[in-house]
Each structure stands twice: as structure tokens, then as C-alpha cells.
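S.K.: Okay, handing you the structure first.
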Amino acid sequence: MLAATLVVASVLPTRVFANTPYFYPAPIPSSVNPMLNIAGPTDHQVVGSLVAGFQEKHPDVNVHYEDIDTQDLYVQTVSGQLEHVDVLISSAVDLQLKLANDGYAQAHRSVHAAKIPEWAKWRNEVFGFTLEPIVLVYSKALLPAHRAPTRAGLLNELEKQRDGWFDRIGTYDIRRSGLGYLLAVHDERSSYDFWGMTNALGRAGVRLYDTTGEILEDLVSGKLSVGYNLLGSYAYAWQKEGLLLKS
């Protein structure tokens with residue numbers, strides 16, 4: 001839950017944000033329907049399913065959702081632009097924890113929150129409710145022999161056939177994606193070949209993106225052959241719909 005009480009806009013650079021709003025009216029409308037305001041980077045199609053489940057139990061509640069990139073979500077929160085928002089949802093867990101530690105969250109206690117394991121919540125202010133696999137995603141147009149099942153295998157492919165992979169790899173832009181930055185930090189701390197992979201991706205002219213959906217779109221269109229460090233839930237959903245993906 002969000003409690004925006006501190007405004008520090010004066011120390012932040014001026015930026016134009018491209019928030020995309022979505023409104024889900026209460027199934028049982030009235031003149032006094034409460035409004036639940038949510039903001040996050042999750043695609044609205046996914047949020048729509050979540051909201052539908054929520055409104056089955058709470059049919060009198062309107063829901064307003066703002067689709068915002070993880071980094072923008074953090075900046076707008078600390079600059080006081082999201083004071084109307086009740087709940088922030090983000091895959092950039094490090095930024096969520098920083099917001100809570102810096103005083104931007106209020107505790108939420110309920111019978112439902114009590115059922116969440118201790119390791120999946122922080123001070124009853126931040127709650128983890130999904131476990132997201134991070135995957136490599138290949139276009140099915142790519143020959144099976146080149147679909148390395150591991151990051152070490154992909155690195156070997158990049159080193160052997162650099163020209164064949166040039167401009168054909170997509171991953172997150174860590175300057176714009178809070179999740180991308182979090183994953184890069186984790187890779188650097190846990191992988192012995194992080195800088196080898198970083199250099200190989202640079203030599204291969206890696207394309208940088210803000211969101212998982214944008215990478216998947218270019219995989220389907222044929223612009224890319226592989227997506228690196230993507231959210232598995234998105235990839236599996238696209239694969240289930242019959243799109244040309246192999247994860």
C-alpha cells in the first residue's frame with residue numbers, strides 16, 4: 001500500500017512520462033463506488049485478468065490502472081506524482097524495498113497478508129506474490145542447433161559465430177528498466193562469466209528495450225533471434241497462444 005508523504009521533486013530532473021491509463025468499471029455500478037488506484041509495469045492484458053478476479057469478489061469497486069515502466073514508477077513516486085495511487089506493483093523488487101525503507105509505504109495487515117510466508121514480505125509493506133523464472137527466448141525460425149539451453153551455451157555461440165548473431169539479440173536497457181538493472185546486478189554477483197557475456201553482447205550489437213513485451217514482439221516479427229534475461233511468465237503466455245517462440 002502506498003503512503004506518499006514526502007515530495008522531493010526539486011532535486012529530480014524534469015522528464016516527460018508516458019503513463020498509459022486503463023479503467024475497469026465496477027460490475028455493479030452505483031453513485032458511491034469506491035476506486036482502487038494501481039500503478040505498475042505489468043501489461044494491461046495481464047492486469048485485466050487480475051482485476052477481473054478481484055472484481056468477482058468485490059463487484060462494487062472501480063479499478064484504475066496506470067501502466068508505467070519500473071524506473072518511471074520509482075521516480076514518479078518519490079517526486080510526488082503518484083499520491084493518488086493505492087498500490088504499486090513492480091518486478092523491480094529492489095526499488096520497491098527502497099521505497100518502503102524510505103517511508104513511501106504503509107503497513108497492510110489482513111487475514112490474507114498473514115498467510116503470505118515471512119520470506120515473501122517486508123514489514124507488511126512489501127509483498128511478493130509471484131515467482132518469476134528468468135529465461136532465454138528463441139525464435140523458432142532459428143535453427144535448433146543454435147538454440148543454446150543455458151547462458152553459458154549462448155555465450156559460446158556468440159563467441160563462435162559473432163557475425164551471425166549481430167543485431168539479432170534483445171535484452172533490457174538497464175538505464176530505463178528497473179528489472180533489467182536488478183537482473184544485471186544479480187548476474188554480476190552470481191556468474192563468473194558476467195563480463196564475458198556483457199562484452200559478447202556488445203560486440204553482437206545487442207538491441208536494448210524497456211519492456212519484455214517489446215522484445216517478444218520483435219522476436220515474433222523476425223527482427224530478433226533471441227531474447228536474453230526475459231520474464232518467463234510473459235514468454236510462456238505468448239508461447240501458449242501459438243506465437244513463434246521457444247523458451
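S.K.: Could you give the angle, 0 to 90 degrees to the nearest 10, between helix 194-203's Cα long axis and the longest principal axis of the Cα atoms of the chain?
M.R.: 70 degrees
S.K.: Give a residue-ordered list of calculated ³J(HN,Hα) values for the stretch 43-59 (Karplus: 6.51 cos²θ - 1.76 cosθ + 1.60, θ = phi - 60°; whole Hz; x for Gly, Pro).
M.R.: Working through the residues one at a time gives 4, 5, 5, 6, 4, x, 5, 5, 5, 4, x, 5, 6, 5, 8, 10, x Hz.
S.K.: Then there's this: Within the stretch 16-45, report the chymotrypsin sites (Phe, Trp or Tyr not before Pro) that DSSP leaves as loop and that have at most 16 other Cβ atoms within 10 Å. Present the calculation step by step, with values, prior to reporting the outcome.
M.R.: Details: sites: 17, 22, 23; in loops: 17.
Qualifying residues, ordered by number: 17.
S.K.: Another question, then. Just to confirm the number: angle between the C-alpha axis of helix 178-190 and the first principal axis of the chain, 0 to 90 degrees, nearest 10?
M.R.: On a 0 to 90 degree scale, this one is about 50.
S.K.: What shape does the stretch 9-127 have by the C-alpha gyration tensor, where a ≥ b ≥ c are the square roots of the eigenvalues, rounded means a/c under 1.5, and otherwise prolate means a/b greater than b/c and oblate the rest? Write out the running numbers ahead of the final one.
M.R.: Numbers: a/c = 1.88, a/b = 1.20, b/c = 1.56.
Oblate shape, in that a/c is at least 1.5 and b/c is the bigger or equal ratio.
S.K.: Between residue 160 and residue 52, what's the calculated FRET efficiency when r is the beta-carbon distance and R0 is 41 Å? Round to 0.05. Please list the in-between numbers first.
M.R.: Working: r = 47 Å, r/R0 = 1.16.
Step by step, r from the Cβ atoms, then E = 0.30.
S.K.: Could I ask something else about it? How many times 2.2 N^0.38 Å is the alpha carbon radius of gyration of the stretch 93-164?
M.R.: Values: Rg = 20.5 Å, N = 72, 2.2 N^0.38 = 11.2 Å.
After normalising by residue count via 2.2 N^0.38 Å, the value is 1.83.
S.K.: What ranking of 122, 238 emerges when the number of other C-beta atoms within 10 Å of each C-beta is taken as an exposure proxy, fewest first? Numbers along the way, then the final one.
M.R.: Values: 122 16, 238 20.
Ascending number of Cβ neighbours within 10 Å: 122, 238.
S.K.: So which GluC sites (Glu not before Pro) in the stretch 68-170 pass both tests, a DSSP loop state and at most 16 other Cβ atoms within 10 Å of the Cβ? Before the final figure, lay out each step's value.
M.R.: Details: sites: 83, 118, 125, 157, 159; in loops: 83, 125.
The qualifying sites are 83.
S.K.: Here's a follow-up. Pop the C-beta distance of residue 152 and residue 223 into the FRET formula with R0 = 35 Å and round what comes out to the nearest 0.05.
M.R.: On the way: r = 25 Å, r/R0 = 0.72.
Calculated value: 0.90.
S.K.: While we're looking at this one, here's another question. Which value does Rg/Rh take for the chain over its C-alpha atoms, Rh per Kirkwood? Can you show the working numbers first?
M.R.: Values: Rg = 20.0 Å, Rh = 19.9 Å.
In the chain, Rg relative to Rh is 1.01.
S.K.: About the Cα centre, and with charges only on the beta carbon of Lys, Arg (+1) and Asp, Glu (-1), how big is the dipole of the chain? Nearest 20 debye, please. Spell out each step's value before the answer.
M.R.: Details: 21 positive and 27 negative charges, 116 e Å.
Computed about the Cα centre, the dipole is about 560 debye.
S.K.: Taking every pair of alpha-carbon atoms in the stretch 134-246, give the share separated by more than 16 Å as a whole percent.
M.R.: Result for the distance tail: 56 percent.
Taken together, the values in this text are just the output of simple stated rules run on the coordinates, not laboratory data. Everything numeric here is computed off the predicted structure, so don't read it as measured data. As a convention, Cβ positions derive from the backbone with ideal geometry for all residues, glycine included, and neighbour counts pool all protein chains shown.
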